[in-house]
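Comments concern the structure below.
The values are calculated or read from the model by the stated rules, or taken from the named source; none is laboratory data. This one's a predicted model, so the numbers in the text were calculated from it and none came from an experiment. Note that each Cβ is placed from the backbone with ideal geometry, even for glycine, and that neighbours are counted across all protein chains shown. Note: areas computed on protein heavy atoms with side chains; ligands, DNA, RNA excluded. Shrake-Rupley method; radii C 1.70, N 1.55, O 1.52, S 1.80 Å.
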Amino acid sequence: MSLIILKIGGSVITEKGSVSKARKDEIDRISREIASFEAETDSGLILVHGAGSFGHPQAMKYLNNGFNAQGVYLIHKSVKVLNSVVLDSLADAGIPALPVHPLSSCLLENGKIVDFELGQIKLMLGRGIVPVLHGDMVMDSKLGAAVLSGDRLISHLASIMNASRIGAGSDVDGVLDNRGAVIKKITPLSFVDMKKNIQGSTMTDVTGGMLGKVSELIELAKKGIDSRIFNASRKGMVSKFLYSEDVGTLIAGK
Ligand SMILES: Nc1ncnc2c1ncn2[C@@H]1O[C@H](COP(=O)(O)OP(=O)(O)OP(=O)(O)O)[C@@H](O)[C@H]1O
Ligand SMILES: [Mg+2]
């Protein structure tokens, strides 16, 4: 069975300029695009969603004075609200899906994933269920707890799960050059020069925006695994990605 790993950015499914505002219509549209694809294939799918306005502003607010359990809980609780909206929408579209919360299944050391419980994800995939993960606060052996971005999650999962297709849908047409044109392909080599044109997010953001995303996927490309960054805010693009069309920017080993 081939495996697809898809991240839908918080920039797509939430209003990143607000606090805790979900874009229900967008979530429902994406659920329907996934449902049509799922009805036609037997590929496994792991879905990861970003935290958007349910995580970035809360992380800024509650982690100002460093690690504390109450802050971690409030951020986690907030992201879980968004996760429930996504799960409800998938259920309405007829997709069997279950949540997997990184706080309860993952360990970090200085922000790097050192342990990830895959048992439940594999069992879900084996039964045709879509595991739905999200950016989260995670216990960290050096820092107490740290933010684990959805971008880092997909990079990690892709490298250990032998995925055939990996994508990050965001609110831009791909990685843009200094004139605003979509860069067709980025490799670890070309990234060295391109880096200066790739920035964080213009909104409240604690995981490095586009530069953070490309950096995570470049690490994956170094292991020989390709991925794509594309615009999931545009109708039909998630579907195109799932059906293997060459959307957005390809992040490749060479
Ligand atoms: N060179 C670039 N090309 C494309 N986007 C860029 C570039 N430099 C900076 N950006 C910004 O990065 C943003 C996308 O990153 P952001 O982290 O906000 O989205 P996301 O990962 O989809 O959301 P979340 O982090 O909530 O999951 C774009 O909206 C854009 O403003
Ligand atoms: Mg991001």
Checklist entry - When segment 163-173 is examined, which residues are found to be more than 7 Å from ligand 1 (Cβ to nearest atom) and assigned to a loop (DSSP other than H, G, I, E, B)? => result Ala163, Ser164, Asp173
Checklist entry - Inside segment 11-37, can you point out the residues that are in contact with a strand residue (DSSP E or B) (Cβ under 7 Å, 6 or more places away or on another chain) and either open to solvent by 20 Å² or more (accessible area, probe 1.4 Å) or more than 22 Å from Leu125 (Cα to Cα) (or both)? => result Ser11, Val12, Ile13, Thr14, Lys21, Ala22, Arg23
Item to check | Wholly within segment 50-132, helices (runs of 4 or more DSSP H) carrying at least 3 residues that are open to solvent by 40 Å² or more (accessible area, probe 1.4 Å) | outcome: 56-62, 69-92, 119-126
Checklist entry - Pairs, please: C-beta under 7 Å, at least 6 apart or cross-chain, first residue free of Cβ contacts under 8 Å to residues at least 60 places away in the same chain and in a helix (DSSP H, G or I) and in segment 195-218, second more than 7 Å from ligand 1 (Cβ to nearest atom) and open to solvent by 50 Å² or more (accessible area, probe 1.4 Å)? => result Asn197/Asn178
Item to check | Qualifying residue in segment 183-192 (condition: open to solvent by less than 40 Å² (accessible area, probe 1.4 Å) and within 24 Å of Lys21 (Cα to Cα)) | outcome: no
Checklist entry - Which of (1) within 16 Å of ligand 2 (Cβ to nearest atom); (2) surrounded by fewer than 18 Cβ atoms within 10 Å (Cβ to Cβ); (3) not polar (S, T, N, Q) is the odd one out, the single condition Lys254 does not satisfy? => result (1)
Checklist outcome for this item: Here the residues within segment 38-49 that are open to solvent by 40 Å² or more (accessible area, probe 1.4 Å) and among the aliphatic types (A, V, I, L, M) are Ala39
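Which of the following residues is among the polar types (S, T, N, Q), more than 9 Å from ligand 1 (Cβ to nearest atom) and without any contact (Cβ under 8 Å) to a residue 12 or more places away in the chain: Ser159, Ser190, Ser155?
Working: Ser159 fails: without any contact (Cβ under 8 Å) to a residue 12 or more places away in the chain; Ser155 fails: without any contact (Cβ under 8 Å) to a residue 12 or more places away in the chain.
Exactly one of Ser159, Ser190, Ser155 is among the polar types (S, T, N, Q), more than 9 Å from ligand 1 (Cβ to nearest atom) and without any contact (Cβ under 8 Å) to a residue 12 or more places away in the chain, namely Ser190.
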Next on the checklist: Among the residues that make up segment 110-128, is at least one of them within 16 Å of ligand 2 (Cβ to nearest atom), under 15 Å from Lys7 (Cβ atoms) and not acidic (Asp, Glu)?
Outcome noted: no
